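Right, one structure below, let's go through it.
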Amino acid sequence: MVKNDKWIKKMAVESKMIDPFEPGQVRDGKISYGTSSYGYDMRLSNEFKIMKKGARVLDPKQSQDSLFDTVTVNDYIEIPPNSVVLGKTIEYFRIPRDIVTIAFGKSTYARCGIFVNITPFEPEWEGYVTLSIANTTSVPVRVYANEGIAQVLFLGVNEICEVSYADRKGKYQAQKTITSAKI
């Protein structure tokens, strides 16, 4: 069952499931963020990892950190045509054991050729979300820091899992920075 705004607000306050938490929907000339009817619109921080010029191959089985430059912006980043940057959320998430999530990029960005890839947040995963932001167009596209980037939906389960992400000591548990692929 998808959890509603009342449940999200309660969990954000009681268990700090989302921190910092925006209880309403913020718009005011911004790409919206905050609580929605059945989810939460996450904000994009101002930190990014951009592929260095001359990098040849990304291999998920090899350390990738040396292939990226870390960039901090004030307002926005322009993503070059046909390229990908990594970003992270402003919000830190703590997912309860009886919840799993799915997330989708915001339609405002999708209509500009930006696709945001986010994997599910498993039960008892916590951390800042690392986002893969892809520009599929032939022109640069601006992506705005401190504004909405994607919506996460919280799904209640019928039975609690036997082994959670925390129990497995998942490799992306409690990440504080933009984290590239690990094996």
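The values are calculated or read from the model by the stated rules, or taken from the named source; none is laboratory data. Please read all numbers here as calculations on a predicted model, not as lab measurements. Cβ atoms come from the backbone with ideal geometry, glycine included; neighbour counts cover every protein chain shown.
Taken together, the criteria exclude Ile149 from residues that are surrounded by fewer than 20 Cβ atoms within 10 Å (Cβ to Cβ), out of contact with any Cys (no Cβ under 8 Å at 6 or more places or on another chain), of a type in the set (Val, Ile, Thr) and not in a loop (DSSP other than H, G, I, E, B).
For Leu155, the conditions (1) more than 28 Å from Asp28 (Cα to Cα); (2) in contact with a Pro (Cβ under 7 Å, 6 or more places away or on another chain); (3) part of a strand (DSSP E or B) all hold with the exception of (2).
One residue stands out in the stretch 1-21 among those that are assigned to a helix (DSSP H, G or I) and not basic (Lys, Arg): the one that is surrounded by the fewest Cβ atoms within 10 Å (Cβ to Cβ), namely Glu14.
Summed over the stretch 22-37, residues that are part of a loop (DSSP other than H, G, I, E, B), surrounded by fewer than 18 Cβ atoms within 10 Å (Cβ to Cβ) and touching a Phe, Trp or Tyr at 6+ places or on another chain (Cβ under 8 Å) total 1.
Taken over the stretch 87-114, residues that are over 23 Å from Val157 (Cα atoms), of a type in the set (A, V, I, L, M) and either within 11 Å of the chain's Cα centre (by Cα) or assigned to a loop (DSSP other than H, G, I, E, B) (or both) amount to 1.
Condition check ((1) among the small types (Gly, Ala, Ser); (2) assigned to a loop (DSSP other than H, G, I, E, B)) across all residues:
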position	(1), (2)
Val85	no, no
Val116	no, no
Gly170	yes, yes
Thr179	no, yes
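Total residues in the stretch 80-128 satisfying the condition of being free of Cβ contacts under 8 Å to residues at least 40 places away in the same chain and at positive phi: the figure is 1. Taking the residues in the stretch 38-58 that are surrounded by 11 or more Cβ atoms within 10 Å (Cβ to Cβ) and assigned to a loop (DSSP other than H, G, I, E, B) as candidates, determine which candidate is modelled with the lowest pLDDT. Checking each candidate, the answer is Ala55.
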